[in-house]
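Taking it in order: structure first as structure tokens, then the write-up.
The values are calculated or read from the model by the stated rules, or taken from the named source; none is laboratory data. Keep in mind that what you see is a predicted model, and the values were worked out from it rather than measured. All Cβ positions, glycine included, derive from the backbone under ideal geometry; neighbour counts span all protein chains shown.
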Amino acid sequence: MGAFDWLRGGNDRELASTTYAGRESASDEASRRRRAAHRKRVQRDGDRAGMKPDRRSNWT
């Protein structure tokens, strides 16, 4: 594979299956990271995850 082979074009599906085989897609990685962050928040904050925090004082 030369440095400028991408200029010739070709079979993108074949290239994707050989070059990127076994890799996680960008959308799958983003979904996995969102799930992990959500799980981490729920473990940290419990059932109150995502709720507006209580105000510590009544004056503003």
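The residues of region 38-60 that are at pLDDT below 70 and β-branched (Val, Ile, Thr) amount to a single one, THR60. For beta carbons closer than 8 Å, sequence separation of 6+ or different chains, a first residue in region 13-37 that is modelled with pLDDT of 85 or more and a second that is of a type outside the set (Phe, Trp, Tyr) and not in a loop (DSSP other than H, G, I, E, B), the qualifying pairs are GLU24/ARG32.
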